[in-house]
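The values are calculated or read from the model by the stated rules, or taken from the named source; none is laboratory data. All of these numbers come straight from a predicted model, not from anything done at the bench. Methodologically, a virtual Cβ is constructed for each residue, glycine included, from the backbone with ideal geometry; neighbour enumeration extends over all protein chains shown.
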Amino acid sequence: MQSHRWKTLNHPTSSKFFGTKIKVTGDFLFKNLVAIVAASALVILFITAYVLSTGSAPVVERFGSGFFFGTAWNPVEGREIFGAFPYVLGTLVTSGIALFIGVPLSLGIAIFLVEMAPKALRVPVGYLVELLAAVPSVIYGLWGLFVFRFWLLNYVEIPISTYFGWIPIFSGTPFGLDLFTAGCILAIMIIPTVASISKEVISAVPNSIREGAYSIGATKWEVIRHWVLSYGRSGIFGAVILGLGRAVGETMAVAMLIGNATGPAAMPTSLFKPGQTMASLIANGFLEATSKLEVSAYVGVGLILLLLSLMINVGAHFLVTRIFKVKGGIVE
Amino acid sequence: MIDKSFGDPNLKMQSINLSAWFGSKQVLKDINLNVKANAVTAIIGPSGCGKSTFIRCLNRMHELVPTAKMSGEVLLDNENIYDKAVDPVMVRRRVGMVFQKPNPFPTMSIYDNVAAGLKLIGAKKGKNLDEIVKRSLEHATLWEEVKDDLKKPGTSISGGQQQRLCIARAIALQPEVILMDEPCSALDPIATAKIERLVVELKRDYTVVIVTHNMQQASRVSDYTAFLYLGSLVEFGATRDIFENPKNPLTEKYITGEFG
C-alpha cells in the first residue's frame, strides 16, 4: 500500500520536472558504465593471460616440457635452446629465504605491537612499519647494492662460508651478489605486508581468550604461543602467503642484487652463488632479445610467473576470507 | 586444612585498604573485606560499582588492563599476593576464575580445555590426566553430557554447558579459591539453576567469591554478602542479615529495588 501511494505521488512529479525518458537513460548509462569499468579488471587479466599464452606458443611448441624442465639458455641464432627451470627454482629459493627470515621478524613486530608495546608506541611504530611498503623497490635495490650487500658479505656470508662451507648450500666463494643477498632484501620487503596483516589478525583475537588463559596460570609467553597464535593461525598463514606473493613477483631489487646468472650456472646449488629469478631474468634480458624465439622464451617465463602468482593469490584469498570470519568471532 | 598458626583459620582471603584505578578514574575506594574459607561470598551492587574490578584484584587479573593501577594489600592465607616476590602466575593457579561470558578455548577440544592448565605445569598425556579431566568434568556436573564428545571443540556445546566447562577448567588446577564474575548473566534460567546448584556444592572443597547483579541469586547461593556502591564497601555481613536486617539505609534501598 505504501509503495503504491509513492508511485502515484512520484510518477507525475518526476515526469513533469525531469522527463521520464531522460531519467531512465541517465540511470541506464551510469549502470552500464560502472559495469564496463568493473568488467575491465577481468578483461585485463584475460588479455594478459591470452597474450602470454600466444606469445609463448613458439617456444612451447619447439621445446615442449623441455622449456619448463630444461636448464640451458642460449639465444644464439641457429643454436637456440631455452629452459626456465633454474629461474623457477631461483624464484622459489629466494622467496623461501625471504619467508624464512622475514616471517619470524614480522611476527615479532606484530606480537610486540599488539601484546607488549605501550599505547604511545603502538600507533607510530605500526605506521612506520607500513611505510616500509611505500619505499620503491629500486631504492631497496640501490641500498642493497651499495650498503647492505657488504654487511651481509662481511658479517654473515664470509663467517658462514668459513665455518660451514662444507655444507653444499653454503659452498663457493661469496662476494655479495647472490641468491642469499636477494633473499635477504626480499625478507625486508615482505615485512610490511606480513607484519601489518598479522597485527590485524592478532588484534582480532578476543580478549576473553587471553583472560581465560591467564586465569589458568599461563605466562605471557604461553598465552601468545598457545592461544593467540593458535587462534590466529589461519589469518597469519594468509599473511605469509600474501608476503610470498610479493616475494615471488618482486623484480627490480632482485635484478640488481642476484648476480644475474643464466643457463645451468643459474641452478641454485649454493646460496652463495649468483642466481636468477623469473622476474629478474625478464627484467635483465627482455630488452636485448632479438630473435622471435628468444622473445617468446621470455614471454613463456612470464606465463609461468603469472601462473605461480595466481596460484599463490588464489590461495591467499581463500585464507584471508577466514580472517573476517575470525573477526566475527567464529573460528574455522 | 589451613595452618592454624596464621591468624583466623577460617579466613581465606582478605583485602586491606584495596583501591583500584583505570587511568585516573578511581573505581575502588579502600575496600576492607574478609573472605571466609569454604563459604560462598557474594558481591552485589549496581552496574559500575566496582564488583568485577574487586574480584579481578583477588587474582591479579586487574593489572592485565594496560591503564589499571591498584594500591593496598590482598592476603591469601595471610600472604600478600601483591608482594614483589610473588609471581602472579602462581597466584592465578591458586585462585581460579570463571568469567561473565563463557570463554572456552575455541581452538581446543573439550578435553584440552580442561587439561590446558595442567599441561602448562607439565602434565603429560595419560591415564592420570584422563582421570583428572573426568573428575573435573564430573565435579562441574558436565561429564554425563560430554563424555562421548571429548574431542569436539570447546565451543561446540551450549552456553550453559560452556560455562560449566569453564568451571571444570578452573577446578582441574585444584585451586583454593574460585572467583566467579556474574557467571550466569549470559545464561537461560535452566542453565542458571544448574550453575547455582553447582556453586553451593563447590564450597565443600573450595572458597567461592561470586559477583552477581541478581540479588535473588546472592540470597540463594551465598553465606556472606558484600554490597558495593560507587566503589566503596557499604555493608558486609552474613547474607541473611544483609537481606533481612540491612544496617545501612543504602543497602536497604538497593535490596528493596529502589535503585539499581
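Which of the residues spanning region B:143-156 are in a loop (DSSP other than H, G, I, E, B) and among the β-branched types (V, I, T)?
B:T155
Listed by position, the helices (runs of 4 or more DSSP H) contained in region A:128-188 that have at least 2 residues being within 23 Å of the chain's Cα centre (by Cα) and either polar (S, T, N, Q) or in the same structural domain as A:G102 (by TED's automatic domain parsing) (or both) are A:137-143.
Here A:L186 clears all of (1) more than 11 Å from chain B (Cβ to nearest Cβ); (2) under 30 Å from B:A172 (Cβ atoms); (3) surrounded by 23 or more Cβ atoms within 10 Å (Cβ to Cβ) except the condition numbered (2).
Within region B:157-204, track down each residue that is within 14 Å of another protein chain (Cβ to nearest Cβ) and assigned to a helix (DSSP H, G or I).
B:G159, B:Q162, B:Q163, B:L165, B:C166, B:I167, B:A168, B:R169, B:A170, B:I171, B:A172
Assess whether A:G235 counts as being small (G, A, S), closer than 17 Å to A:L99 by Cα and surrounded by 18 or more Cβ atoms within 10 Å (Cβ to Cβ). It is true that A:G235 is small (G, A, S), closer than 17 Å to A:L99 by Cα and surrounded by 18 or more Cβ atoms within 10 Å (Cβ to Cβ). Hey, any hits in region A:107-118 for a residue that's closer than 30 Å to A:S270 by Cα, in a helix (DSSP H, G or I), modelled with pLDDT of 95 or more and in contact with a Ser or Thr (Cβ under 7 Å, 6 or more places away or on another chain)? Looking through region A:107-118, at least one residue is closer than 30 Å to A:S270 by Cα, in a helix (DSSP H, G or I), modelled with pLDDT of 95 or more and in contact with a Ser or Thr (Cβ under 7 Å, 6 or more places away or on another chain).
For region A:203-214, the criterion of being part of a helix (DSSP H, G or I), more than 14 Å from chain B (Cβ to nearest Cβ) and touching a helix residue (DSSP H, G or I) at 6+ places or on another chain (Cβ under 8 Å) is met by no residue. Within region A:155-183, the set of residues being hydroxyl-bearing (S, T, Y) and exposed (fewer than 15 other Cβ atoms within 10 Å of the Cβ) comprises A:Y155, A:T162, A:Y163, A:T173.
Please determine whether any residue of region B:100-110 is surrounded by 20 or more Cβ atoms within 10 Å (Cβ to Cβ), at negative phi and away from chain A (no Cβ under 13 Å). Yes, the conditions are met somewhere in region B:100-110. Being surrounded by fewer than 17 Cβ atoms within 10 Å (Cβ to Cβ) and over 15 Å from A:V299 (Cβ atoms) is not true of A:F85.
Within region A:28-78, the residues that satisfy the criterion of being under 23 Å from A:G275 (Cα atoms), part of a loop (DSSP other than H, G, I, E, B) and out of contact with any helix residue (DSSP H, G or I) (no Cβ under 8 Å at 6 or more places or on another chain) are A:S65, A:V76. Taking B:F259 as the residue in question, decide whether it is at pLDDT below 90 and surrounded by fewer than 24 Cβ atoms within 10 Å (Cβ to Cβ). Yes, satisfied.
For region A:215-232, enumerate the residues that are more than 8 Å from chain B (Cβ to nearest Cβ), in a helix (DSSP H, G or I) and not aliphatic (A, V, I, L, M). Across region A:215-232, the qualifying residues are A:K220, A:W221, A:R225. Among the residues in region A:292-299, are any among the hydroxyl-bearing types (S, T, Y) and more than 19 Å from A:L186 (Cα to Cα)? Checked against the condition, which is being among the hydroxyl-bearing types (S, T, Y) and more than 19 Å from A:L186 (Cα to Cα), region A:292-299 yields at least one hit.
Among the numbered conditions (1) over 24 Å from A:G78 (Cα atoms); (2) in contact with a helix residue (DSSP H, G or I) (Cβ under 7 Å, 6 or more places away or on another chain), the only one that A:A289 does not meet is (1). Residue-level check: of (1) closer than 24 Å to A:S208 by Cβ; (2) touching a strand residue (DSSP E or B) at 6+ places or on another chain (Cβ under 7 Å); (3) more than 14 Å from chain A (Cβ to nearest Cβ), B:G96 misses just (3).
Counting only strands (runs of 3 or more DSSP E) that sit wholly inside region B:23-137, those with at least 2 residues that are of a type in the set (K, R) are B:25-36. Residues that are farther than 17 Å from A:A289 by Cα and either modelled with pLDDT under 90 or surrounded by 14 or more Cβ atoms within 10 Å (Cβ to Cβ) (or both) within region A:50-59 comprise just one, A:S53.
So which residues in region B:46-75 are over 18 Å from A:K220 (Cβ atoms) and within 14 Å of chain A (Cβ to nearest Cβ), if there are any at all? Scanning region B:46-75 gives B:S52, B:T53, B:I55, B:C57, B:L58. For region B:120-137, the set of residues classified as more than 9 Å from chain A (Cβ to nearest Cβ) and either surrounded by 15 or more Cβ atoms within 10 Å (Cβ to Cβ) or touching a helix residue (DSSP H, G or I) at 6+ places or on another chain (Cβ under 8 Å) (or both) consists of B:A123, B:L129, B:I132, B:V133, B:K134, B:R135, B:S136, B:L137, listed by residue number.
Within region B:229-246, does at least one residue satisfy the condition of being touching a Pro at 6+ places or on another chain (Cβ under 9 Å), acidic (D, E) and either within 16 Å of B:G50 (Cβ to Cβ) or not in a loop (DSSP other than H, G, I, E, B) (or both)? Yes: region B:229-246 contains one or more residues that are touching a Pro at 6+ places or on another chain (Cβ under 9 Å), acidic (D, E) and either within 16 Å of B:G50 (Cβ to Cβ) or not in a loop (DSSP other than H, G, I, E, B) (or both).
Residues are listed down the side, and each one gets a yes or a no for (1) closer than 30 Å to A:L307 by Cβ; (2) modelled with pLDDT under 90:
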{"position": "A:S3", "(1), (2)": "no, yes"}
{"position": "A:T8", "(1), (2)": "no, yes"}
{"position": "A:T20", "(1), (2)": "no, yes"}
{"position": "A:N32", "(1), (2)": "no, no"}
{"position": "A:A35", "(1), (2)": "yes, no"}
